[in-house]
Structures are given as structure tokens and as C-alpha cells.
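Asker: Got a structure for you, questions after.
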Amino acid sequence: MQALLNTIAQMPLHTDAQRIFHGRGGLHPGCEQWALDAYPPVFLLTSFAPATDEQLATIGAALQARWAQIAPGSEPLNWVFQHRGGTLGTEGRSDTRLMAGSVPESHVVAEQGARYRVHVLRGQNHGLFLDMAEGRRWVRDHVAAHRDDRYSFKVLNLFAYTCAFSVVALQAGAKSVVNMDMSHGAIAIGQHNHQLNGITTGTSFLAHDIFSSWGKLNRNGPYSLVIVDPPSYQKGSFVAIKDYARLMRRLPDLLAPGGHVLLCLNAPELGMAFLQDQMQASAPELRFIERVANPGAFADVDDQRALKVLVYRLPE
């Protein structure tokens, strides 16, 4: 795990939430099990394989030594360790421990000028997916580039989770955003995220099953931007290999002429061709524009395994 220790020894003081070390990308042989994230003021170390007490002690000492260098005299070091089990495509079981310091009771982090509530001591989804940072930046820039359309620029945010896409779209000048996710808990955090950022109008929150709500979604449209960021495998909600095509077929009816789709998939076993082939078969009128690059910290030895974020456009 020397590459992880070297990264810790050189890391700066982070103010935004972000990935620090990404062993799963395969660029650091021998460190594939490790990931280190900053959710200021807390570090989160994740291991995808069993870790020994000796390994954790070594990493903890490295964090403490670097913290003393980059934050002398400030708050104590706070760090959490999570071991994740399970197999590909399942969440599996996790063991989460506070290793040093504390975690704020109301833990709020920043990213690109926006604020989000997170929870690093429970579950495997912490409230903000750090690998989607460039996707959120793309949405912010895209909406800002269409400021002249702000009085008609409507966004549909499907599988909205805690509604981070909605926050950045409204900050950038979107007229309205419809957020839909079947998790009431995630939608409640999404509402709180809007409050954290002083956003009180222009958004709606629907805790519904998307596949049962096409009529409602169509009545609220058409949309200048549709964001689709589903889980790759969530039994009872969405399974990419069978459900993505069902969703794609609906997109042309949801979009305004000239509208865009941000299509996301985080499944290592499914490459870009899966999305592109499915789109060609299900909604051939949509034109592929680009793949949004992932954050540099998430570099992968095989970019087909990494997060896929594709932009499509409906011709005018």
C-alpha cells in the first residue's frame, strides 16, 4: 500500500469534497482495495477487501503525520474507516468505524461553490457521489451557457438521489427542475440541500417510481435537459441491462427540440458501447455529442470500466 501512503504524504489541505486516492482504478498495483476520500473535515478510508489492524495503524499514522503538517494547530484529525463486502452489482455488507476525532452531527461539505449534506458513518452511499463531480460541472456550464433560455429552461432529474444536479442547475439559472427518485429519504435530503444553498423556488420533488410516472413527467415537460443517473443494479428499482432501453424509448417525448440528455452509468462490466447500442436501437433520433471526462482522481487503467457520462441531443 505504498502508493496510498505516498499520496497521503503529499496531499494538500482539501476544502472541497473529493477523491484523494483511487486504488480501484488499477493504476497503483497492490493498492486496488483502497480508496481515500475527503469529506471535510473528515477523511474516509474505504477498503474493498479485509484490512489488518497493522495496515490501519500504518495508514492512521500517515494521516496524522500529514495532518500535523498541513493543518498545524487546527482541529484534531477526523477519519473514518469502512470495509465493504459483497459481490459485483450488490451493495453487500459494510463495517464502518470512527478511527479518530469525530464527525459533525450535521455534516455539510462543499463542491464547486455548492453545499451538500453527507453521512459517512452509515451506509455505502454517503449523500454525494464524488466521481460525478465533472458531470455536475457540465450541467452547471451547460445551463449557464443557455442563460438566454432561462425563462424556459426546464430540467428533469431522474434517479435524483439527493438532488445535487438540481442544486447546480438552479444555481446556474435554470427556470425549474423536476426531481424524481423512489427513495423518500433521499428526496428529503435533496430538499435540505436546496435549503442549504438558499434555493427556495423553481424545484419540485417527487418520491415516485419513474416507470409508473411517465404521464406526470410528460405533463411537466418538455425539458431542455434530462439527466438520467440510475443505479446499475438495484433489485426492485432499476437493472441496467433490462431497464435502460425502456427508459431510453421515453426520452424523445420528454425533450424539447434541441434538448440534451445526460446519460450516466457506473457499471464496470458495461462499457460505452452498451449505452450507445441501446440508444441507437431505442431512440435513434438522439445524436451522440460527447463523453464527459471523469475527475482526474478517478483515472482508470481501462476507461470502459470507469463511470460513463454521455451527452445526447435531440435535433431541432
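Asker: As a test, work out the antiparallel percent of DSSP beta bridges whose residues both lie in segment 33-184, rounded to the nearest 5.
Answerer: Numbers: 16 of 26 bridges.
The antiparallel fraction comes to roughly 60 percent.
Asker: Given the rule -39500 (n - 2.57) for each run of at least 4 DSSP H residues, summed and divided by the residues of the chain, what is its mean residue ellipticity at 222 nm, to the nearest 500 deg cm²/dmol? Let's see the in-between values first.
Answerer: Details: 9 runs with 92 residues, N = 316.
Per the formula, -8500 deg cm²/dmol.
Asker: Let me ask something additional. If you take the square roots of the eigenvalues of the alpha-carbon gyration tensor of segment 235-304 and sort them as a ≥ b ≥ c, do you get rounded (a/c under 1.5), prolate (a/b over b/c) or oblate? Numbers along the way, then the final one.
Answerer: Numbers: a/c = 2.04, a/b = 1.36, b/c = 1.50.
Note, shape of segment 235-304 comes out oblate.
Asker: Which order do you get for TYR161, TYR244, TYR233 if you rank them by accessible area with a 1.4 Å probe, largest at the top? Display every interim value, and only then the final one.
Answerer: On the way: TYR161 50, TYR244 0, TYR233 115 Å².
Sorted descending by solvent-accessible area, the residues read TYR233, TYR161, TYR244.
Asker: Same structure, new question: Check the straight Cα-Cα distances from LYS175 and name the lysines below 29 Å, setting aside those fewer than 8 residues away within the same chain.
Answerer: Candidates past the 8-residue exclusion: LYS154, LYS216, LYS308.
Asker: What is segment 270-316 by shape, rounded, prolate or oblate, if you read a ≥ b ≥ c off the alpha carbon gyration tensor as root eigenvalues and call it rounded for a/c under 1.5, prolate for a/b larger than b/c, and oblate otherwise?
Answerer: Values: a/c = 4.68, a/b = 1.83, b/c = 2.56.
Judged from the Cα gyration tensor, segment 270-316 comes out oblate (a/c at least 1.5, b/c at or above a/b).
Asker: Using only the alpha carbons of segment 1-153, determine the length spanned along each of the three principal axes and report them from longest to shortest in whole angstroms.
Answerer: Principal axes ranked by extent give 58, 42, 31 Å for the Cα atoms.
Asker: Express the carbon and sulfur contribution to the solvent-accessible surface of segment 148-271 as a percent, rounded to the nearest whole number, probe 1.4 angstrom. Walk me through the numbers on the way to the answer.
Answerer: On the way: 2360 of 4950 Å².
Carbon and sulfur atoms account for 48 percent of the accessible area of segment 148-271.
Asker: For the chain, with a Gaussian network of springs between Cα atoms less than 10 Å apart, report the residue from LEU255, LEU156, LEU77 with the top mean-square fluctuation.
Answerer: So, out of LEU255, LEU156, LEU77, the one fluctuating most is LEU77.
Asker: Then there is this: Please give the Cα centre distance for segment 258-295 versus segment 188-204, rounded to the nearest Å.
Answerer: 28 Å
Asker: Let me ask another. Could you tell me the relative contact order of the chain? Use alpha-carbon pairs under 8 Å, at least six residues apart, and round to a whole percent.
Answerer: Numbers: 602 pairs, mean separation 43.8, N = 316.
About 14 percent, as a whole number.
Asker: Now, a different point. Please work out the average accessible area per residue across the chain, using the 1.4 Å probe convention, and give it in Å². Don't jump to the answer; show the numbers that get you there.
Answerer: Working: 14180 Å² over 316 residues.
Value returned for the chain: 45 Å² of accessible area per residue.
Asker: Still on this structure: Please figure out what share of the DSSP beta bridges in the chain is antiparallel and state it in percent, rounded to the nearest 5. Please list the in-between numbers first.
Answerer: Numbers: 32 of 55 bridges.
In the chain, DSSP labels about 60 percent of beta bridges as antiparallel.
Asker: So how much slack lies between ALA188 and ASP253, counting 0.36 nm per residue of separation and subtracting their Cα-Cα distance, in nm?
Answerer: Here the answer is 20.6 nm.
Asker: OK, next. Carbon and sulfur: what percent of segment 1-86's accessible surface (1.4 Å probe)?
Answerer: Details: 2000 of 3810 Å².
The value for segment 1-86 is 53 percent carbon and sulfur by accessible area.
Asker: Ignoring ligands and nucleic acids, what accessible area does GLU75 show with a 1.4 Å probe (Å², nearest 10)?
Answerer: Looks like 130 Å² after rounding.
Asker: Please report the accessible area of HIS14 (heavy atoms, 1.4 Å probe, ligands and nucleic acids excluded) in Å², nearest 10.
Answerer: The accessible area comes out at roughly 40 Å².
Asker: For the pair ARG287/LYS242, report the inter-label distance in nm, with labels modelled 7 Å from Cα in the Cβ direction.
Answerer: Label at ARG287, label at LYS242, 3.6 nm between them.
Asker: Do any trypsin sites (Lys or Arg not before Pro) in segment 232-295 lie in a loop, going by DSSP, with at most 11 other beta-carbon atoms within 10 Å of their beta carbon, and if so which?
Answerer: Working: sites: LYS235, LYS242, ARG246, ARG249, ARG250, ARG287, ARG291; in loops: LYS235, ARG249, ARG250.
Taking segment 232-295 and a limit of 11 other Cβ atoms within 10 Å, the loop trypsin sites (Lys or Arg not before Pro) found are LYS235.
Asker: Then there's this: If you take the Cα Rg of the chain and divide it by 2.2 N^0.38 Å, with N the number of residues, what do you get?
Answerer: On the way: Rg = 20.0 Å, N = 316, 2.2 N^0.38 = 19.6 Å.
The chain yields a ratio of 1.02.
The values are calculated or read from the model by the stated rules, or taken from the named source; none is laboratory data. These numbers were taken from a predicted model, which means no experiment stands behind them. Backbone-built Cβ (ideal geometry, glycine too); neighbour counts: all protein chains shown. The protein model used for the area step is the full one, side chains on, heavy atoms only, and it has no ligands, DNA or RNA in it. Shrake-Rupley method; radii C 1.70, N 1.55, O 1.52, S 1.80 Å.
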